1. Could you give log10 I(q)/I(0) at q = 0.10, 0.11, 0.14 Å⁻¹ for the chain, computed by the Debye formula over C-alpha point scatterers of equal weight, without solvent?
2. With a cut-off of 8 Å between alpha carbons and a minimum separation of six or more residues, what is the relative contact order of the chain in percent?
3. Suppose accessible area is computed on protein heavy atoms with a 1.4 Å probe; arrange 78, 155 from highest to lowest.
4. How much net charge surrounds residue 110 when only the other residues with a Cβ under 10 Å from the Cβ of residue 110 are counted, with Lys and Arg +1 and Asp and Glu -1?
5. If packing is taken as the average number of other Cβ atoms within 10 Å across a peptide's residues, how do 11-18, 92-99 rank, most packed first?
6. Report, to two decimal places, the Cα Rg of region 51-110 normalised by 2.2 N^0.38 Å (N = number of residues).
7. Relative to 2.2 N^0.38 Å, what does the C-alpha radius of gyration of region 1-80 come to as a ratio? Two decimals please.
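The values are calculated or read from the model by the stated rules, or taken from the named source; none is laboratory data. Just so it is clear, the structure is predicted and the values come from calculations on it, not from any experiment. Note that each Cβ is placed from the backbone with ideal geometry, even for glycine, and that neighbours are counted across all protein chains shown. When the accessible area is computed, the model is the full protein with side chains, heavy atoms only, and any ligands, DNA or RNA have been set aside. Shrake-Rupley method; radii C 1.70, N 1.55, O 1.52, S 1.80 Å.
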Amino acid sequence: MPKGKYAKSTEEAEADLIAYCASVGFDREWLSAKQWSTTIDIACDKAYGFEQAHKAIDSDQIEITSTAAREARQRKLSADADGLLAAVKQDKVLKATQIPKILELCADAYVGGQRVNLGLVAKPMSTTAYETLQGQWDKAAGFATGDGVFTNFQSFEPQDKAKAGKGNVGDTLDTRGVQGNLLVRIAGRTFNMHIDIAE
């Protein structure tokens, strides 16, 4: 908790708000740049300060996870111009891979307004298997025209998260080792699927 009642700088405000979001299990990815900037301004305002900025985040979280908001996101997903989920499930190569499951997990998190950093619950895969998965991810990206709900498919090489200082999983006691990352934007929100790699 900050020492004062309000932030003396935007940097102090942002550091506090990022920590607060983590403490309540809320990803700032759900907020537009304008919403985030407004919340920082609230934290810096002597009349409002940290308390009101935290309440603003709480309110945003409630709104994003409301039934109406979830239903609206489901409608947007169902109306995907590319029909990407169906296309991947029907593709003769991809339907037998982890790709449909990964995309479904990301889609479910999008509809539910859940965390954008996800983990694939599976046995750690070899580096070679992950390279194959990256190729399959690229193939799935080929179904995205840019006009649909799914865009910006990316994959990253495995990284030792502990050595990179990213070993902790939020505020839990869980730790991360070597992981690869598959990213996709769904209706403007970036979801990151962490893939455990066997060392």
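1. Here log10 of I(q) over I(0) equals -0.50, -0.60, -0.91.
2. 19 percent
3. The residues order as 78, 155, largest area first.
4. Charge balance near residue 110 sits at +4.
5. Packing proxy ranking, top to bottom: 11-18, 92-99.
6. 1.54
7. 1.23
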